[in-house]
Amino acid sequence: MPAKYIFVTGGVVSSLGKGLAAACIGCLLESRGMKVNLMKFDPYLNVDPGTMSPFQHGEVFVTDDGAETDLDLGHYERFTHAKLSRDNNWTTGRLYEQIIAKERRGDYLGKTVQVIPHVTNEIKAAMKKVAQDVDVAIVEIGGTVGDIESLPFMEAIRQMRQELGREHTLFVHVTLVPFIAAAQELKTKPTQHSVKELLSIGIQPDILLCRTDRFLAKEIKSKIALFCNVPDEAVITAKDVASVYEVPLVFANEGVDTLVLKHLHMEAKDRDLSKWEDIVHRVYNPKDTVTIGIVGKYVEYEDSYKSLKEALVHGALAHNLKVQINWIEAEGLETGDKSFEAQLEGYDGILVPGGFGKRGIEGMLIAIRYARERKVPYFGICLGMQTACIEFARNVVGLAEANSSEFDPATPHRVIYKLRELRGVEELGGTMRLGAWPCKIEPNTLAHKIYGKLEISERHRHRYEFNREYEEPMTAAGLRISGSTPDGTYVEMVELPDHPHFIGCQFHPEFKSKPLEPHPLFSAFVGAAYEYGLKRRAEKEATEVELFHRPEKVTRR
Ligand code: GLN
């Protein structure tokens, strides 16, 4: 049976959560026994988001095959079992790169190469490729209807309906129904306009997912239905919720899955969302809170660490905890005095995430030293592992000028240096060590205890590596290399055996963490942080009790 397609478009404004909506529709269909795949088209001209600033674009999500993709693919993986690769995220830039290469090779046999049919054909072929071997392919079109640059994608999905028919294609439009405080009213006009815009390019939406901060009354739904030419039942309240993991339940309550299956003429088993219900129950009923301080450069814009944030939530859920994440601006720790202590105090765990460039590095080193010396649980990811090695080389081994050649090319002690396979490569796009690589874990290490196995595979995105020339002095001083590539070339994990929980990894475990399958490195870190926090609180209470029982206090009373 050929796959059916669901096309997800967005209207009115960006940031309505189209990616999340697509992921949650996938989640619901899986709960009914369907096999799904998801893909996203991004209308911008960059070949991939790999070279874009995290401020502009948010996180770059890395797949197993090493594609640098849009962060919506992170939602897809967290909510479904779809196996994503570079086939699941296309930009206009990459499509044109491919088309122009074909044109240069002469593949078009002298024809004029045009948006219709050549670009649209390329788009349709990309959709069909991800639809192999699944029941439903969910295709998200980036941008907002009305954008000039998304037109070829809109045209391609219009043609897909034309080609495959109504029973095999479904258009979901995510739109906004704002509440206007001055009028004390929900407004349907933006949605009406947005649907008109879609109609003008030949697309009649089948389902409207209306983002709103309150439930839409029957009359409002009917009004939208009437003006937008859909049945009342196809107007869905997509109400804001405190946790994204509640969205599948919200959609289920509104009957989205039933609507989709009915439209696509598909038979499915009864819905089973029990695992998601359990997660949501835990999200809203934590037994306690754990506080993690993240020391990084991009603190102003949290989307740059989307997967990291979610992975910490998953790690906390594994212990029925709520995680309070505080972002600490790394540069703000570089005051030259002791004020960093006040900034770093009170955290149950400290984390330095991935990052690029020199800014804030000294602040990260201050935070790492603090965590190491005071035995605060520490987790260093990618850059956070590299900086942990630099800190150790400087302050334990005594190599005061130790650094990464990324931050100081002239350093006499290049503890971290450019990946040997990348020497001489100056181009920035797609030239990192990317994607899943196997790693061998050393027996009887913290890493071994956490993973419970000796062979793992994790996703990478880096240009620099640990310099094995410093292995001997560093390990002699107490650093343990607990993970390496199977051939021993690259150091993948380090830890400090004389610290309760100090671990660094060269890869990005956050990309593989899911609410239903929390990543062991995150659950172990959050668990250690919580224990440390409990101990610290108990000690503090003990001192307070002691102070209270001081004889002079008693006599004064
Ligand atoms: N800038 C470092 C490198 O390129 C770390 C990269 C990262 O943290 N993703 O190796």
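The values are calculated or read from the model by the stated rules, or taken from the named source; none is laboratory data. None of the values given here were measured: they were computed from a predicted structure. Please note: Cβ atoms are built from the backbone with ideal geometry, for glycine as well, and neighbour counts cover all protein chains shown. Note: areas computed on protein heavy atoms with side chains; ligands, DNA, RNA excluded. Shrake-Rupley method; radii C 1.70, N 1.55, O 1.52, S 1.80 Å.
Observations, loosely collected:
- Summed over segment 126-158, residues that are part of a helix (DSSP H, G or I) and open to solvent by less than 30 Å² (accessible area, probe 1.4 Å) total 9.
- Boolean, Glu103 is charged (D, E, K, R) and either in contact (Cβ under 8 Å) with a residue 24 or more places away in the chain or open to solvent by less than 20 Å² (accessible area, probe 1.4 Å) (or both): no
- Options Pro248, Pro231; residue that is in contact with a helix residue (DSSP H, G or I) (Cβ under 9 Å, 6 or more places away or on another chain) and open to solvent by 30 Å² or more (accessible area, probe 1.4 Å): Pro231
- Scanning segment 51-77 for residues that are open to solvent by 10 Å² or more (accessible area, probe 1.4 Å) and within 15 Å of Val36 (Cα to Cα) yields His75, Glu77.
- Within segment 337-363, residues that are of a type in the set (A, V, I, L, M, F, W, C) sit with their Cβ atoms under 7 Å from residues that are more than 12 Å from the ligand (Cβ to nearest atom) and open to solvent by 40 Å² or more (accessible area, probe 1.4 Å), at 6+ positions apart or across chains, in these pairs: Phe340/Ile366.
- Evaluating Val313 against the criteria (1) open to solvent by less than 40 Å² (accessible area, probe 1.4 Å); (2) touching a residue at least 40 places away in the same chain (Cβ under 8 Å); (3) of a type outside the set (D, E, K, R); (4) part of a helix (DSSP H, G or I) leaves one unmet condition, (1).
- Residue match in segment 341-360 (condition: in a helix (DSSP H, G or I) and within 16 Å of the ligand (Cβ to nearest atom)): no
- Residue, surrounded by the fewest Cβ atoms within 10 Å (Cβ to Cβ), within segment 490-502, restricted to residues that are in contact (Cβ under 8 Å) with a residue 60 or more places away in the chain and more than 15 Å from the ligand (Cβ to nearest atom): Pro500
- The set of residues in segment 184-200 being open to solvent by less than 50 Å² (accessible area, probe 1.4 Å) and not in a helix (DSSP H, G or I) consists of Leu186, Thr188.
- Residue identified as among the β-branched types (Val, Ile, Thr) and out of contact with any Asp or Glu (no Cβ under 8 Å at 6 or more places or on another chain) among Thr92, Thr51, Thr69: Thr51
- Within segment 140-168, tally of residues that are closer than 25 Å to Thr258 by Cβ, touching a Leu at 6+ places or on another chain (Cβ under 8 Å) and not acidic (Asp, Glu): 1
- When Thr258 is tested against (1) surrounded by fewer than 17 Cβ atoms within 10 Å (Cβ to Cβ); (2) in contact (Cβ under 8 Å) with a residue 12 or more places away in the chain, only condition (2) is not met.
- Once segment 413-435 is narrowed to residues that are open to solvent by less than 10 Å² (accessible area, probe 1.4 Å) and closer than 14 Å to Glu469 by Cβ, the residue that is farthest from the ligand (Cβ to nearest atom) is Val415.
- Top-ranked residue in segment 19-49 [being open to solvent by 30 Å² or more (accessible area, probe 1.4 Å) and among the basic types (Lys, Arg); ranked as farthest from Thr237 (Cα to Cα)]: Lys35
- Count - residues of segment 370-412 that are over 29 Å from Gly293 (Cα atoms) and either away from the ligand (no atom under 16 Å from the Cβ) or among the small types (Gly, Ala, Ser) (or both): 2
- Test: residue in segment 438-449 that is at pLDDT 95 or above, more than 15 Å from Ile481 (Cα to Cα), away from the ligand (no atom under 13 Å from the Cβ) and surrounded by 14 or more Cβ atoms within 10 Å (Cβ to Cβ): no
- A search for C-beta distances below 6 Å between a residue of segment 453-469 that is open to solvent by 60 Å² or more (accessible area, probe 1.4 Å) and at pLDDT below 95 and any residue that is near the ligand (Cβ under 8 Å from one of its atoms) and of a type outside the set (A, V, I, L, M), counting only pairs 6+ apart in sequence or on different chains, returns nothing.
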